[in-house]
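One structure is given below, encoded as structure tokens.
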Amino acid sequence: MIEKIEEADVISFDIFDTLLMRKVLYPTDVFELIEKELQLSEKFDFAAERIEAEKELLKKGITPTIYEIYERMGEVVPLSRSEQNCLLEKEIEYEEKVLIARREMVAVFRECLRMEKSVYLVSDMYLTGEQLGRLLQKEGISGYIKLIVSCENGCYSRR
């Protein structure tokens, strides 16, 4: 891999499953953890509604941010704006809890920086660049030129 990197001027890394990975089997497991902690199953099926809200926006051709997903969910499930915000923040909190750096790939990332390559990070994600930047920083990942996120650039490959 380093030999290929030496040949390039610009290097990009996908964030999820390359630099960072979740300590859960599926990304949507995070929603089930939230539902269980907050005992939401008594009120509504949080995990299913959260997944459906995102799917509905994608079907409409919208590349949603996490804010738009929770706004959509609030249109279907009787949630106040305060409750939406609380759940949104809880989701980000859980992402922080389950994310860990993939040490080998972070070492490759750092080697690219040491070699003075132009390094970009990309993600096909509903979290904003600011939110992802904080998650990356928490894992000691910094020094890249730019973070490119699908929800901020109007594209999403899981349609």
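The values are calculated or read from the model by the stated rules, or taken from the named source; none is laboratory data. What you see is a predicted model; the values in this text were computed from it and never measured. Glycine gets a Cβ as well: all are built from the backbone with ideal geometry, and neighbour counts include every protein chain shown. Accessible surface is based on the protein model in full, side chains and every heavy atom, while ligands, DNA and RNA are left aside. Shrake-Rupley method; radii C 1.70, N 1.55, O 1.52, S 1.80 Å.
Brief remarks follow.
- 0 to 90° range, to nearest 10: angle between helix 46-59 axis and the chain longest Cα axis: 70
- Taking each DSSP H run with n ≥ 4 as -39500 (n - 2.57) and averaging over every residue of the chain yields -16000 deg cm²/dmol at 222 nm.
- Cα-derived Rg to Rh of the chain, Kirkwood definition: 1.02
- With R₀ fixed at 35 Å, the C-beta to C-beta distance from I100 to S80 puts the FRET efficiency at about 0.55.
- Label-point separation, Y67 to Y120 (7 Å along Cα→Cβ), nm: 2.4
- Sequence-distant residues sharing a close amide H with I11 (under 5 Å, placed H): S118, V119, Y120
- Unsatisfied cross-links (Cα-Cα over 21 Å) in the set K36/K138; K36/K59; K43/K90: K36/K138; K36/K59
- Close amide H pairs (under 5 Å, H built 1.01 Å from N) link T128 with I66, residues at least 5 positions away or on another chain.
- Between 0 and 90°, nearest 10: helix 103-114 axis offset from the chain longest Cα axis: 50
- Farthest positive-ward along region 46-133 dipole, Cα basis, beta-carbon charges - from Q131, A107, I69: A107
- Near-label residues of region 95-115 by backbone N, under 11 Å of a point 7 Å along Cα→Cβ of K36: none
- Solvent-accessible area per residue, Å², over region 1-138 with all protein chains present [probe radius 1.4 Å]: 56
- Model label sites at T128 and V24, defined 7 Å from Cα along the beta-carbon direction, differ in position by 2.2 nm.
- Square roots of 5 times each gyration tensor eigenvalue, C-alpha, region 1-92, largest first, Å: 33, 16, 11
- Less than 5 angstrom separates the built amide H of L20 from those of R102, all sequence-distant by 5 or more or on a different chain.
- Euclidean distance between Cα centres, region 10-33 to region 98-154, Å: 12
- With every protein chain in place, the chain: carbon and sulfur % of accessible area (1.4 Å): 49
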